[in-house]
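Presented below is the structure to which this report refers.
No value in this document is a laboratory result; all are computed from the given coordinates. Keep in mind that what you see is a predicted model, and the values were worked out from it rather than measured. Cβ placement follows ideal geometry from the backbone for every residue including glycine, while neighbour counts extend to all protein chains displayed.
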4 protein chains.
Amino acid sequence: MKLSGVMPPITTPFQNGRLALDKLKMNFQKWNKTGLSGYLVLGSNGEAVYLNEKEKIKVVEVSRKSIPKSKIMMVGTGMESTDGTIRFTNQVAKMGADCALVVTPSYFKGSMKPQVLYDHFIAVAESSRIGILIYNVPQFTGINLEPEVVAKLSEHPNIIGIKDSSGNIGQLSEIIHLSKKGFSVFVGSAPVFFPALCVGAVGGILAVANVVPQECVQIQNLFNEGKMNEARTLQAQLTPLAKAVTTKYGIGGLKMAMDLAGYFGGDPRPPLKKPEKEVDEELKRLFLQTKSCQSDQKYIKF
Amino acid sequence: MKLSGVMPPITTPFQNGRLALDKLKMNFQKWNKTGLSGYLVLGSNGEAVYLNEKEKIKVVEVSRKSIPKSKIMMVGTGMESTDGTIRFTNQVAKMGADCALVVTPSYFKGSMKPQVLYDHFIAVAESSRIGILIYNVPQFTGINLEPEVVAKLSEHPNIIGIKDSSGNIGQLSEIIHLSKKGFSVFVGSAPVFFPALCVGAVGGILAVANVVPQECVQIQNLFNEGKMNEARTLQAQLTPLAKAVTTKYGIGGLKMAMDLAGYFGGDPRPPLKKPEKEVDEELKRLFLQTKSCQSDQKYIKF
Amino acid sequence: MKLSGVMPPITTPFQNGRLALDKLKMNFQKWNKTGLSGYLVLGSNGEAVYLNEKEKIKVVEVSRKSIPKSKIMMVGTGMESTDGTIRFTNQVAKMGADCALVVTPSYFKGSMKPQVLYDHFIAVAESSRIGILIYNVPQFTGINLEPEVVAKLSEHPNIIGIKDSSGNIGQLSEIIHLSKKGFSVFVGSAPVFFPALCVGAVGGILAVANVVPQECVQIQNLFNEGKMNEARTLQAQLTPLAKAVTTKYGIGGLKMAMDLAGYFGGDPRPPLKKPEKEVDEELKRLFLQTKSCQSDQKYIKF
Amino acid sequence: MKLSGVMPPITTPFQNGRLALDKLKMNFQKWNKTGLSGYLVLGSNGEAVYLNEKEKIKVVEVSRKSIPKSKIMMVGTGMESTDGTIRFTNQVAKMGADCALVVTPSYFKGSMKPQVLYDHFIAVAESSRIGILIYNVPQFTGINLEPEVVAKLSEHPNIIGIKDSSGNIGQLSEIIHLSKKGFSVFVGSAPVFFPALCVGAVGGILAVANVVPQECVQIQNLFNEGKMNEARTLQAQLTPLAKAVTTKYGIGGLKMAMDLAGYFGGDPRPPLKKPEKEVDEELKRLFLQTKSCQSDQKYIKF
C-alpha cells in the first residue's frame, strides 16, 4: 500500500452526546466513492481527546468495517505516556489498522526537549506492530519537532512518515530534503496543500477533506498532471472554506459544513460548540464557491 | 474547613513503572507531621496525564485513607470534555474528596474562547457534588483565563476558588480584587509565593512543598506575623530550589529532590526522565541552603 | 541624590504636529509641586521613537530648565547601535542629565544573545560620563534580559540600576536578590507597583504617574509606613486607570487622561491616535475613582 | 520597469566603524554582472537601524551612482512616525530611487491595530512621489500585517507591492490571491523562495543573494522554464546557506560569507558581532555546496 494522497481526519458523529456509529458508517459510504486514498481515525478532528477508552475502541471497530482494504486506515494513538501509546497502538494494530499516527507528547512542554521526544518515538516504534507516523501539530500542542530530529527519526524502519500541521512550508521542505528516501511526508494544513506538493509532500491529511474530498483530490491530480495554474487556482478557491472549518470556526464549523455537504456532521462535544446559526450562510457560500471552481475561471489571474 | 495555607501537588510514586502506593503512604506520614494545610492529589505534578482511569482511582483511594480529616483533600479532576470532567468529579466526591481542581480544557486552543471556558466551568459547577476550584496554568495549557472571567465565575456558589500558576502577580492581584469576597485564591508558582501573599492570596499550591513543606509554611507564618523582611528573605532562599524542581528540571528533578529530602521520589514515567546524575549535587546544595536559611542572615540585604 | 521613588516617563506635548515646549513647561510646574522624586525624559511614553535628533535635544533642554536640582533627571538614550548610544548619552550628560536609561537594543532579536547585550551595556557604561540604568521592556522590544545577566551587569560601577517593565514580579524579585547591594531596581509597570515594593523595589517609573502623581507617591508612602492594607487598596484602585493609559488605550489614552487631569496631553504623533471620543467618559470615571480612593474604604476587603 | 526577479537587501560596508563607500562600489560592480533585477538599499540587512541620518544619505547617493538604470533601485525608508517616513521617502525619491520599501511601524506593538497600520500606509502613499512597497517582517517587528489589510492597501495606486518576510507561504498565497492584479508580491525569506514562486510571487528580496546572486536567479529561471525538479533541488541546496546567513549567524554571518565569496563583507556595527572564527569553515562548506549544485545531482531525490 502506497502511503500518499488525500485523507480526511474523520470527525466522530454524536447524537444526544453519544456516539452515533450508524452515522459514521453513512459518512464512510459517501467518502468511499471519492478519490480519497484513506482515512485518519481518532485524529484531532475526531475529537479523540473527548472520547473515553471504550468509545475509542468502538470508533476503530466501525471504521475498520467501513474502510475497504484498498484504502489506508491510519489511527491516532498518541498519548502523553510512552507506555500508554505503545499499548494503544498495538491494540489498534490487532484490530486491523494499517498504521498509527503518534502525536508529540506535550503536557509538560518545558521537559519535551528534542532528545526526550526522540526517545519517545523510538520507544514507540520499537514496540509497535505497525508502522507509525509522527504527528507534529504545534497549534494544539505548543511543541514543534525540528526537521533535524524528524530526519534522525526517519532512519528507523518502523517510523514511516509524518503529518506536519505547522503550516510552515520551509520546515516541510527541510523535512522532505533531510529525511530518508521513502519517508512519507504529509501536510496537515489545507491552505498550503498545493505548495506542500510543490516541495515534495506525498499528500495531505486535511480537515476540509471531510467536506469536499473530491476537490482536495483534484488539486493533487492537477499537480501530478503538471497543470500548475489550475492546481493553484483550485487551491485559492479552497482556502477560505479550509480556514473556516479549522482556525475560524473549529470543529463545530467543520461539522456544520459537513451537514451542508450531505454528510452527517452533528454537534461536537462540549465544551466545543456549533457556531452561531448565521455562520451557516457563510459556510454555504464558501462551499458552493469551492464546488464550482473547476468550471469557474474568473479567479485565475496568474 | 478553611481553604488556605500551603498544599503540595503530590507526586505519584512509581516502581518499575507501576504505582507504588506503599511509598505514597510513607510520604503522607511524613507530610502529615508538617504544617501543610492539605494536599492536591492528581495535579500536574502527580503526572495525572500519565495515569489511566484505574490508576487514578487507586491514587485517590490511598490518599483518602492517608489524609487526616483536618487537612484539605483536593483532587484534580479536569478533563478535556465537560461531561468527562463532571463524571470524574462526582466519582472522587463519592470517594471523599473535599473539593476538586478543574483545569481549563485546552487541546483546541483556538476554540477555547472566554465564553466557552465560562460555560464549561459553570456546567461542571452545576453538576458537581463538591466545590470546585479553577486551575489556570498557561505554561502547560497555552490558555490563560482572564481575571474578568474568573470574577464572573466566582459568583457561582459552587466555584470556590482558583489556583493560578501563571506566575503573573498583576493578574493574581486583579483576580483577588475583582472576585467575590470569600473566593479562595491560591498561587501555584513558588517563586512568587511571598508577593502573592502580599496582594492577598490565601495560600500556595506549590511543587516545592513536596520537598520542603515546612519552609513554605514558614513563609506564610512570617507573613501572617507581619515579619515582612524575614518572609522575603526566606522566599529568596527558596526560589532557586523552587525553580530547579519545576521549570529547570521538571518532575524528574522534583522527584530527585524528594529522594534527597527523605521522601520517596523515584522515577517519573516516560517520556519524562530523571535529570543527569550530576544534578544531584546541585539539588543537594539548593536543598541545604533552603533548610538553613532561617538562621542564616547573610541573604537579608533589604 | 538617592535613586528611588516615583517618576513619570513624561509625555512629549505636540501642537499641530510640532513640539509644544511651553506646554511641557506647564506640565513640569504642576508635577514639581507633587512628591515625585524625579522624571524620565525621552522614555517610551515620551514618543522618543517619533522624535528626530534635533527635537530630542530641545526636549532635554527644556526639561533641564524645568526640573529642580532636588529631583532626578533621567534621560532615555538607548539606540540600536552601541556607538550611537554612547554619543547620545554623553550629549545629554553635558546638558545636565543626572543619569541615562538605556533600552536593550532589539531590532535584530535573534542576534541579541545574553553575551551581546552584556557587552553592549558594558561598552556604554565604560564610555558614559553619567551613571546608566538598564531598561528592560519586553512588550516593546521582544527581548527580555535575564536576572543573571542583570546581576552581572550590576557589578559595573557605572551601571546603577534598572527599570524592569516586564510586569514579572518573580523576575524583579530575582533581580533584586541577585544584584549588587545598592543597585536601584525600579518597576516600570504600575499594576504591580505595590507587590514590587514588597519584594524590594526602590520605586516605580510609571506612565500613570503623568496623570495621578500623588496617588502613586501615596502608595509608596503607605508602604514605607507599614500600612500594607491601605497601600494594597490604593493599588487596586489605581490599576484600572493604569491599564487604561497603557495596554488598553496606549499613549493616546495617556494623553487624553492627562487632559482630564489638568495637564496638557494633546495628540500623539501618527501613526498613534487618540482613542474614540467615548473613551473620555471611561477615563474620567477611572480618574475620579482613583482620586477618591484615599477616603473611600469600600474597596478594602482584605 | 517590471518589478520582479531577485534583489539582494545590500549590506552596508564599514571599516574601523565608518562607512566604507568604496567597498560598496566594488560590491556593486560585481553584483551588476549577475542576473539580479535590482537592489534594496537601507533594508534590515543594510543595518539601517545603525546608521544616522547623514550616513543614510551617503549610502543612497553612492548606490544611485552604482546602480544602472536597467536595474531597480528600491530604498528602505520606513520610520516609526508617519511624517518621518514621508519626509525620508521624498528625500530618496529626489535622489533618484525608483521605489521605497516601508516597514510596518512597530515600537508600540499593542497600538499597531490593523486600522492604524492601514492609515499609516495610505498616508505615506498619498504623499510619496514614488511608489511604495509594504515591508512585513514579523521576526524583527513583532507585527504581522494580515492578508486582508494588504489586499485593501493594494487598491491604492501608489502602493505597488509588498516584501513579505514572514516565511509563511499560506499567508503569501492569500496575499497574492486577494490583492489587486499587478500588485508585486516579493518573498523575503530565501528558504521558501521556490514555493513562493509556485504560489505566484514575482520574485525574492533575499539576504543570501548578497553572497550567491546567480544561484538565486537560477532558481527563478528554472521555475520559469517549468523545470520544477531542478528548481526544487537548487532550493534545497541553497537553504542551509540561506539560514546560516540569517537566522543562525545574523548579519555578522552574512558579511563573513560575503568575504568568502569575493565581496567585501567586513564587520557589522556593534552590538552585532562577527561569528566565531570556526564558523568560517562551515560557511565555506555551505557556500561551495551551493555553487556546485547545478552539476551535482546527488541531492535530487524527488
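Mean per-residue shielding of peptide D:107-116 is 6, counting Cβ atoms of other chains within 10 Å of each Cβ.
Oblate is the label for the protein assembly as shown, because the ratio a/c of its alpha-carbon gyration tensor axes (a ≥ b ≥ c) is 1.5 or higher and a/b is not greater than b/c. With both labels modelled 7 Å from their Cα along Cα-to-Cβ, the residue B:57 to residue B:34 distance reads 3.1 nm. A point 7 Å from Cα along Cα→Cβ stands in for residue B:148, and the other copies hold the same point at 2.0, 3.9, 4.4 nm, listed in rising order.
Once you keep just the Cα pairs under 8 angstrom separated by 6 or more residues, what percentage relative contact order results for segment B:129-242? Contact order relative to length: 20 percent. For residue B:187, neighbours were defined as the other residues whose beta-carbon sits under 13 Å from its Cβ, and their charges (Lys and Arg +1, Asp and Glu -1) total 0.
Here chain D is scanned for trypsin sites (Lys or Arg not before Pro) in DSSP loops (not H, G, I, E, B) that have at most 11 other Cβ atoms within 10 Å, and the longest stretch holding none of them is D:70-180.
Quick check on segment C:75-117: take the gyration tensor over C-alpha atoms, sort the square-rooted eigenvalues as a ≥ b ≥ c, and tell me if it's rounded (a/c under 1.5), prolate or oblate.
Working: a/c = 3.14, a/b = 2.58, b/c = 1.22.
Taking the square roots of the gyration eigenvalues as a ≥ b ≥ c, segment C:75-117 is prolate.
In chain C, the beta carbon lying closest to the axis that superposes C onto D belongs to the residue given here with its whole-angstrom distance, C:142, 2.
Here's the picture: charge each Lys and Arg Cβ at +1 and each Asp and Glu Cβ at -1 in segment C:5-213, and of C:24, C:209, C:110 the one pushed furthest to the positive end of that dipole is C:24.
Partners of residue D:30 within straight-line reach, counting aspartates and glutamates whose Cα lies under 15 Å from its Cα and excluding those fewer than 8 residues away in the same chain: D:22, D:215, D:259. Take the alpha carbon atoms of segment D:109-140, find their center, do the same for segment A:45-84, and report the distance between the two centers in whole angstrom. So the separation of the two Cα centres works out to 48 Å. The same position residue D:259 in the other copies lies at 4.9, 5.5, 6.6 nm from this copy, comparing label points 7 Å beyond Cα toward the beta-carbon, shortest first. A simple charge model with +1 on the Cβ of Lys and Arg, -1 on the Cβ of Asp and Glu and nothing else charged puts the dipole of chain B at about 680 debye relative to its Cα centre.
Local charge sum around residue C:164 (other residues, Cβ-Cβ under 15 Å, Lys/Arg +1, Asp/Glu -1)? After counting each charged neighbour, the total is -2. Among the residues of B:165-176, the average count of other protein chain beta-carbon atoms within 10 Å of the residue beta-carbon is 5. If you sort the three axes of the alpha carbon gyration tensor as a ≥ b ≥ c, you get a/c of 1.5 or more for chain C and a/b no higher than b/c, which makes it oblate.
For residue C:279, neighbours were defined as the other residues whose beta-carbon sits under 15 Å from its Cβ, and their charges (Lys and Arg +1, Asp and Glu -1) total +2. Label point of residue D:288 (7 Å along Cα→beta-carbon): distances to the other copies' equivalent points are 5.3, 6.4, 7.8 nm, sorted ascending.
Go ahead and run the numbers for FRET between residue D:64 and residue D:278, Cβ-Cβ distance against an R0 of 30 Å, rounding to 0.05. Intermediate results must be reported in sequence, preceding the final value.
Values: r = 39 Å, r/R0 = 1.29.
It comes out at approximately 0.20.
Annotation: for a label point projected 7 angstrom from Cα along Cα→Cβ of residue C:248, residues of segment C:168-192 with backbone N closer than 16 Å are C:190-192.
Taking every C-alpha pair closer than 8 Å and separated by at least 6 residues, the mean separation divided by the residue count of segment B:5-213 gives a relative contact order of 19 percent.
Of all DSSP bridge pairs formed entirely within segment D:12-159, close to 15 percent run antiparallel. The simple spin-label model puts a point 7 Å past each Cα toward its Cβ; for residue D:87 and residue A:109 those points are separated by 4.3 nm.
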